[in-house]
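What follows is a single structure, written as structure tokens, with notes after it.
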Amino acid sequence: MPKRPLVGVLALQGDFHEHGASLHKAGAEVTEVRHAESLKNIQGLIIPGGESTAIARLLIAYNLTDPIRGYIKQGLPTWGTCAGAILLAKNAPDLDRPTISVMDITVQRNAFGPQINSFEEDVYVDGISGLPMKAILIRAPIISDAGPKVSVLAKLSDGSIVAVKENNLLATSFHPELTNDHRMHGLFVKMARKYNQ
Amino acid sequence: MSANSSTENNSSTGTWTVKSGLAQMLKGGVIMDVVTAQQAEVAQESGAVAVMALERVPSDIRKDGGVARMSHVKLIKEIQASVSIPVMAKARIGHFVEAQILESLGVDYIDESEVLTVADEDNHIYKSDFSVPFVCGARNLGEALRRISEGAAMIRTKGEAGTGDIVEAVRHLRTINGEIRKLSSMLKDELFTAAKNLQVPIELLSAVAETGKLPVVNFSAGGVASPADAALMMQLGAEGVFVGSGIFKSAADITNETDRLNQQKAMATAIVKAVTYFEDPKILAEVSEAIPDNAMRGLSVAQLPTDELMAGRGN
């Protein structure tokens, strides 16, 4: 049995419980992060789905932005889903308060319009073999531009980029944590297992 | 308007996962009642996860009387244009045409709400027909599961809207969670009797008995008027809170509009922080110090005549 790495889930707002449950099933121990001290011993960090404006304000109010950015720069594997992807992006023109801003991508918030346009679609994700993943896109962002060091892992049938990787960073527009398919969490747990602070 | 529309790309809108999923994204957050675009901006600035676009907050509906209907379309559009967070709006219980109008406006969630005047005393809206998700109020497990059978993708306990008195919100959340705990200890044959008594489908009831929770997100509503109230509901098991009159009816005695909005913003921000750090009394004390010293005055539910109570509408 491989060792279970300790993965933090930012628990200010959003679907952090769902990420915790998926991580457990994918072979990780989980801790909820609400204070900078909780970042100390983790081998991976997930920034969940939620409202990016709400999470951004809480990150600022409780001085979490700089510590998180610091750990990421040291190599902490970090994965943002939906709102999380927006917070990781260096360029998110529709977000009024940039926070973590470490990943060389441009993210367009709420790219498909109101909730009635939210949808699910099967996508193949680079690095995940077998059947396609069910991508759940809820008032979702798309990654409209990615820098030269960013690899594109998944696109929708219309060509929109919805999953990317840049060194220790992973960003997805969709929510594997809302499904029973834990392969993407498995991929992230593997990254976390290899990382020692 | 039909749900589950599919395209050749294997992509489908209006699915159950997509409808209940938005509620999952709102978890740990505060949904605020607003009556103007300016209030909506203050709500977003304070960290609200969504706003409920209304013509009158419940405490004014209570005061003014008359028939309370869906908000004016112009107002909803103004509020939609002013914020980037999801915008919800209320339809009357059973008024499926108000719901059709709200759906066509691109409202992100519809609240089929007892706060408005009831349009159909026998039937709720058949919510599964819509692509837009619905949230409905409930006082007990039977109401919650009946609404979910009709297609509600999110539940909120009703409380007693517009009072600023938390007593009913507490009662309703404790009732639902207590009923779920009882179900979890029942034998298989007893579940059929429970389904009969609660007037709900056995499949849905059995699923709740097995998982020990509702199949959709459950927020608390109706009476939250302080950060402590919000944290109380979170500790009792709510997954987030709706705040109606508690924010934009606080600081009501301040006549200067800018000053008043600033005080209300302080209240809104404090409630947002209290919902995130609901288990941390030190932070709760800090945020409680920052709120205006004139919270909404409120009405004690125990002193209200029964015909003025809203929670009993639509069971």
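The values are calculated or read from the model by the stated rules, or taken from the named source; none is laboratory data. Computed from a predicted model, the values in this text were never measured in an experiment. Quick reminder, even Gly has a Cβ in these numbers, built from the backbone with ideal geometry, and neighbours come from all protein chains shown. Please note that ligands, DNA and RNA were not included when accessible areas were found on the heavy atoms of the full protein model with its side chains. Shrake-Rupley method; radii C 1.70, N 1.55, O 1.52, S 1.80 Å.
Screening the candidates A:18, A:32 for the property of being of a type outside the set (Val, Ile, Thr), surrounded by fewer than 17 Cβ atoms within 10 Å (Cβ to Cβ) and within 14 Å of chain B (Cβ to nearest Cβ) yields one hit, A:32. Residue count for region A:114-133, restricted to those that are crowded, with 19+ Cβ neighbours inside 10 Å and within 14 Å of chain B (Cβ to nearest Cβ): 8.
Being within 14 Å of chain A (Cβ to nearest Cβ) and in contact with a Ser or Thr (Cβ under 8 Å, 6 or more places away or on another chain) is the filter; apply it to region B:245-273 and report the residue that is surrounded by the most Cβ atoms within 10 Å (Cβ to Cβ). Restricting to residues being within 14 Å of chain A (Cβ to nearest Cβ) and in contact with a Ser or Thr (Cβ under 8 Å, 6 or more places away or on another chain), the top hit is B:272.
Taken together, the residues in region A:163-183 that are open to solvent by 10 Å² or more (accessible area, probe 1.4 Å), touching a residue at least 12 places away in the same chain (Cβ under 8 Å) and in a loop (DSSP other than H, G, I, E, B) amount to 5.
Do we find that residue B:242 is within 18 Å of residue B:48 (Cα to Cα), within 16 Å of the chain's Cα centre (by Cα) and open to solvent by less than 10 Å² (accessible area, probe 1.4 Å) in this structure? So residue B:242 fails the test. For region A:42-73, a tally of residues being more than 10 Å from chain B (Cβ to nearest Cβ) and either part of a loop (DSSP other than H, G, I, E, B) or of a type in the set (Ser, Thr, Tyr) (or both) returns 6.
For residue B:137, the conditions (1) within 12 Å of chain A (Cβ to nearest Cβ); (2) buried (at least 21 other Cβ atoms within 10 Å of the Cβ); (3) touching a Ser or Thr at 6+ places or on another chain (Cβ under 9 Å) all hold with the exception of (1).
Just give me the residues in region A:134-159 being touching a strand residue (DSSP E or B) at 6+ places or on another chain (Cβ under 7 Å) and away from chain B (no Cβ under 14 Å), in sequence order. Across region A:134-159, the qualifying residues are A:143, A:144, A:145, A:146, A:147, A:149, A:150, A:151, A:152, A:153. Applying the condition of being open to solvent by 20 Å² or more (accessible area, probe 1.4 Å) and small (Gly, Ala, Ser) to region A:143-159 and asking which residue is farthest from residue A:127 (Cα to Cα) yields A:144.
Is it true that residue A:111 is within 14 Å of chain B (Cβ to nearest Cβ) and not in a loop (DSSP other than H, G, I, E, B)? When the stated conditions are applied, residue A:111 does not pass them.
State yes or no: is residue A:139 modelled with pLDDT of 95 or more and part of a loop (DSSP other than H, G, I, E, B)? So residue A:139 passes the test. Among the residues of region B:109-130, those that are open to solvent by 10 Å² or more (accessible area, probe 1.4 Å) and either farther than 18 Å from residue B:57 by Cβ or of a type in the set (D, E, K, R) (or both) comprise B:118, B:119, B:120, B:121, B:122, B:123, B:124, B:126, B:128, B:129.
Counting residues that are at the interface with chain A (Cβ under 10 Å from one of its Cβ atoms), which helices (runs of 4 or more DSSP H) fully inside region B:33-131 reach at least 1?
The qualifying helices (runs of 4 or more DSSP H) are B:37-45, B:73-82, B:96-104.
Taking region A:35-54 as the range and being surrounded by 22 or more Cβ atoms within 10 Å (Cβ to Cβ), closer than 28 Å to residue B:282 by Cβ and not hydroxyl-bearing (Ser, Thr, Tyr) as the test, the residues that pass are A:42, A:45, A:46, A:47, A:48, A:50, A:51, A:54.
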